[in-house]
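Structure first, then comments.
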Amino acid sequence: MKLVGEKGVQRILMITALSAISSLLLIALFIFSEGLPFIFNYGVGNFLLANEWDPSTGHFGIFPMIMSSVWVTLGAMVVGAPLGIAGAIFLSEYASPIIMKIVKPTIELLAAIPSVVYGFIGVMVLAPIIRNNLGGPGLSLLAGCIILGIMILPTVISISIDSILAVPRSYREGSLALGATTWQTTHMVTIKAARSGIVASIILGLGRAIGETMAVIMVAGNSVNIPNSALDSVRTLTANIALEMSYATGMHREALFATGVILFIIIMILNSIASVAIRNRNAKK
């Protein structure tokens, strides 16, 4: 005897989906209701473009942290995106099925490692190497870029592999039949056909990098300044919220929520771009 009919299952699934959407809407509503009034009262330009962050004197300029977040994220992409795409190409086009079955799950396992572990490795291993060989405090923009670049590898590699494997085999066979080499086929046919999926993996990795908190707090140095070199200490938007929210009150607390609004908007834009790229890939199949 069936306890739940087909319509019952549909209702349960619909309720589950609506609950997830409702949770997201409630989170967004809470953040925006707390942060937007401060942005408009303090001034959008004063908040986004001012250089001084000193809550004790009423200065809440987040421009240095915006620039730090941008540089850390771009640096992470310079480290992680080429390595991730190259790894995906090797595993999907050149590696044997046995190696693929072993290496791909191992790489995906990296995503399950807590970010604090990456941060600990950065503090104990990477920062001393940078300090002893390049100078500076060690805990720096460069350390943050390298650690985040490693952290986004599972995202970039996994999605890129799925995109490359989704390319019809007839594309490869047709190219090889015309006399192209394996690399020419991979470069001129397969990668181009999977381009939208690869771009989506990079954008999702970008969203992961810009939203990371704990590892960045541990390895970036947390100085509020616009970095002049890769060896300078920096503080990102996420690190600022995590470091100061525990004791913030009044306008200080509102400014941190306003920072969260800016982050929320940035990440939603990145996810939307990734969704469009994936949709375009599926439409071309």
*Give the residues of segment 18-58 that are polar (S, T, N, Q) and under 14 Å from residue 259 (Cβ atoms), sorted by residue number.*
46
*Does segment 253-265 contain at least one residue that is outside any loop (DSSP other than H, G, I, E, B), of a type in the set (A, V, I, L, M) and in contact with a strand residue (DSSP E or B) (Cβ under 7 Å, 6 or more places away or on another chain)?*
yes
*May I ask you to say which residue of 55, 105, 114 is in contact with a His (Cβ under 8 Å, 6 or more places away or on another chain) and surrounded by fewer than 18 Cβ atoms within 10 Å (Cβ to Cβ)?*
55
*asked:* Against the condition more than 25 Å from residue 136 (Cβ to Cβ) and of a type outside the set (Ser, Thr, Tyr), how does residue 206 come out, does it pass?
replied: yes
_Selection within segment 250-278 - among the β-branched types (Val, Ile, Thr), surrounded by fewer than 17 Cβ atoms within 10 Å (Cβ to Cβ) and modelled with pLDDT of 80 or more_ = 265, 267, 269
*So which of 223, 233 ends up being of a type in the set (Gly, Ala, Ser) and touching a residue at least 60 places away in the same chain (Cβ under 8 Å)?*
233
*For segment 116-123, indicate whether the set of residues that are over 27 Å from residue 186 (Cα atoms) and of a type in the set (Phe, Trp, Tyr) is non-empty.*
yes
*Taking segment 152-180, which residues are of a type in the set (A, V, I, L, M) and under 22 Å from residue 99 (Cα atoms)?*
152, 153, 156, 157, 159, 161, 164, 165, 166, 167
*residue 190 versus (1) surrounded by fewer than 20 Cβ atoms within 10 Å (Cβ to Cβ); (2) more than 19 Å from the chain's Cα centre (by Cα); (3) assigned to a helix (DSSP H, G or I); (4) not hydrophobic (A, V, I, L, M, F, W, C): which is the lone unmet condition?*
(1)
*Within the bounds of segment 236-249, is there any residue that is among the aliphatic types (A, V, I, L, M), closer than 17 Å to residue 136 by Cα and at pLDDT below 90?*
no
*asked:* Just to check your reading of the model, which residue among 238, 213 is surrounded by fewer than 20 Cβ atoms within 10 Å (Cβ to Cβ), touching a Ser or Thr at 6+ places or on another chain (Cβ under 7 Å) and hydroxyl-bearing (Ser, Thr, Tyr)?
replied: 213
*Read through the list (1) closer than 26 Å to residue 202 by Cα; (2) surrounded by 13 or more Cβ atoms within 10 Å (Cβ to Cβ), then give the number of the only condition that residue 97 fails.*
(2)
_Only one of 229, 201, 160, 175 that is of a type outside the set (Asp, Glu) and outside any helix (DSSP H, G or I)_ = 229
*Out of 201, 196, which single residue is among the hydroxyl-bearing types (Ser, Thr, Tyr), more than 30 Å from residue 131 (Cβ to Cβ) and surrounded by 22 or more Cβ atoms within 10 Å (Cβ to Cβ)?*
201
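The values are calculated or read from the model by the stated rules, or taken from the named source; none is laboratory data. Bear in mind the structure is a predicted one, so any value in this text is a computation, not a measurement. Here the Cβ is made from the backbone with ideal geometry for all residues, glycine too, and neighbour counts use every protein chain on show.
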